[in-house]
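First up is the structure itself, then whatever we jot down about it.
The values are calculated or read from the model by the stated rules, or taken from the named source; none is laboratory data. Remember, it's a predicted structure, so these values are computed and weren't measured experimentally. So basically every Cβ, Gly included, is an ideal-geometry build from the backbone, and we count neighbours across all protein chains shown. Areas reflect the complete protein model, heavy atoms only, side chains present, ligands, DNA and RNA absent. Shrake-Rupley method; radii C 1.70, N 1.55, O 1.52, S 1.80 Å.
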Amino acid sequence: VYGGMKSIPGAHPWQASVQIRPKGSTWSYQHTCGGVLIKPCWVLTAGHCISSSNSMRVVLGGVDLVKVEPSEQVVEVERVILHENYREAPWAVYNDIALLKLKGPAGHCANETKVVKTACLPSSALPDGTQCTISGWGSTETSDFGSSKLLDAKVLLIAQSRCKSPEVYGDVLDDSMLCAGYLKGGVDSCQGDSGGPLVCEKDEVHYVHGLVSWGDSCGKKNKPGVYTRVTKFTDWIDSHINAA
Ligand code: 4AZ
């Protein structure tokens with residue numbers, strides 16, 4: 001996160017660190033992406049975070065990637081569901097969403113605690129200009145390698161028409177995407193935050209409206225962060241979570 005602040009432990013209880021075990025390694029896992037806990041056995045992340053050959057795990061309830069914290073829960077991924085229309089193009093990724101089914105007995109994968117909670121799925125879009133929150137361990141204005149501590153920042157939802165204008169992203173933007181941040185730059189998500197939450201609070205309920213997806217660099221003027229527009233995928237998510 002560019003222009004963010006260190007998160008208060010427990011402030012983003014749906015935040016997951018999605019980690020992969022590099023090929024050839026028998027024990028080490030590396031943070032690759034963020035994710036969002038939406039049900040005790042389900043984490044949403046970005047499609048571009050999925051690598052088919054490596055085993056994946058998810059860490060919940062932690063803020064520090066290099067410490068083992070008493071509050072954290074480490075859960076293996078049982079199954080990966082990548083959106084069937086996920087596409088990579090030179091300038092953008094389309095339908096950038098995947099579901100991770102967590103391992104665990106009888107619907108009991110993550111335990112809900114003070115610092116591990118689910119975020120809600122939105123049923124409708126919010127007005128342009130709504131203030132929402134991003135969080136993650138990705139690159140910062142001072143470190144390309146990311147932050148070992150979870151960071152967060154407030155961003156504003158940007159009108160699709162504005163974000164599709166030629167000086168911003170033009171027609172590479174489609175309706176599977178949503179822009180948030182500031183056209184003046186400075187505060188933004190970045191590499192390593194991918195798949196993590198853009199959460200907006202409404203009537204004291206936290207809804208995941210976006211997943212960090214892509215952007216032209218980070219924090220640049222007229223190049224806000226682009227997020228997977230979760231309201232476009234709620235039927236897809238429900239169909240997989242509630243499948244017989
Ligand atoms: C990336 O490379 C990336 N500023 C993620 C988010 C943004 C840019 C790049 C948004 O994964």
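List pairs: first in the range 1-25 and at pLDDT below 95, second surrounded by fewer than 24 Cβ atoms within 10 Å (Cβ to Cβ), Cβ under 6 Å, 6+ apart or cross-chain?
If the second residue must be surrounded by fewer than 24 Cβ atoms within 10 Å (Cβ to Cβ), the pairs left are R21/Y29; R21/N54; R21/S55.
Taking interchain pairs and intrachain pairs at least six residues apart, which have beta carbon atoms under 6 angstrom, with the first residue in the range 88-109 and free of Cβ contacts under 8 Å to residues at least 40 places away in the same chain and the second open to solvent by 50 Å² or more (accessible area, probe 1.4 Å)?
Short answer, once both residue conditions are applied: K103/E76; K103/E78.
Residues that are under 26 Å from S7 (Cβ atoms), open to solvent by 10 Å² or more (accessible area, probe 1.4 Å) and within 13 Å of the ligand (Cβ to nearest atom): does the range 194-202 have at least one?
Yes; the residues of the range 194-202 include at least one that is under 26 Å from S7 (Cβ atoms), open to solvent by 10 Å² or more (accessible area, probe 1.4 Å) and within 13 Å of the ligand (Cβ to nearest atom).
Quick one: in the range 146-177, which of the residues that are over 15 Å from G34 (Cβ atoms) and of a type in the set (D, E, K, R) is surrounded by the fewest Cβ atoms within 10 Å (Cβ to Cβ)?
Our first condition is that a residue be over 15 Å from G34 (Cβ atoms); within the range 146-177, this holds for 154, 156-177.
Next cut, of a type in the set (D, E, K, R) only: 154, 162, 164, 167, 171, 174-175.
Values: K154: 15, R162: 14, K164: 17, E167: 10, D171: 8, D174: 14, D175: 10.
So, considering only residues that are over 15 Å from G34 (Cβ atoms) and of a type in the set (D, E, K, R), the one surrounded by the fewest Cβ atoms within 10 Å (Cβ to Cβ) is D171.
Looking at T45, T32, which one is touching a helix residue (DSSP H, G or I) at 6+ places or on another chain (Cβ under 7 Å) and polar (S, T, N, Q)?
T32
Check S176 against each of (1) away from the ligand (no atom under 11 Å from the Cβ); (2) in contact with a Leu (Cβ under 6 Å, 6 or more places away or on another chain); (3) small (G, A, S) and name the one condition it does not meet.
Exception for S176: condition (2).
Among the residues of the range 105-136, what is the count of those that are under 18 Å from the mean Cα position of the chain (by Cα) and more than 30 Å from S161 (Cα to Cα)?
Residues meeting the conditions: 5.
Pull up the range 216-232, narrow it to residues that are open to solvent by 10 Å² or more (accessible area, probe 1.4 Å) and on the phi < 0 side of the Ramachandran plot, then point me to the one that is nearest to the ligand (Cβ to nearest atom).
C218
Picking from K101, K114, which residue would you name as being assigned to a strand (DSSP E or B) and basic (K, R)?
Details: K114 fails: assigned to a strand (DSSP E or B).
Being assigned to a strand (DSSP E or B) and basic (K, R) holds for just one of K101, K114, which is K101.
If I filter the range 36-48 for residues that are open to solvent by 30 Å² or more (accessible area, probe 1.4 Å), at pLDDT 95 or above and within 16 Å of the ligand (Cβ to nearest atom), do I get at least one hit? I'd like the intermediate steps shown before the answer.
Here is the first cut: in the range 36-48, the residues open to solvent by 30 Å² or more (accessible area, probe 1.4 Å) are 39-40, 48.
Adding the requirement that they be at pLDDT 95 or above leaves 39-40, 48.
Going one step further and asking which of them are within 16 Å of the ligand (Cβ to nearest atom), we end up with 48.
For the range 36-48, residues open to solvent by 30 Å² or more (accessible area, probe 1.4 Å), at pLDDT 95 or above and within 16 Å of the ligand (Cβ to nearest atom): present.
Would you call S52 more than 26 Å from A92 (Cα to Cα) and assigned to a loop (DSSP other than H, G, I, E, B)?
no
C109 is checked against (1) assigned to a loop (DSSP other than H, G, I, E, B); (2) in contact with a Lys or Arg (Cβ under 8 Å, 6 or more places away or on another chain); (3) within 16 Å of the ligand (Cβ to nearest atom) and fails just one. What number does that condition carry?
With respect to (1) assigned to a loop (DSSP other than H, G, I, E, B); (2) in contact with a Lys or Arg (Cβ under 8 Å, 6 or more places away or on another chain); (3) within 16 Å of the ligand (Cβ to nearest atom), C109 is out only on (3).
Can you name the number of the only condition in (1) in contact with a Ser or Thr (Cβ under 8 Å, 6 or more places away or on another chain); (2) surrounded by 13 or more Cβ atoms within 10 Å (Cβ to Cβ); (3) more than 21 Å from Y169 (Cβ to Cβ) that K101 fails?
The single condition K101 does not satisfy is (1).
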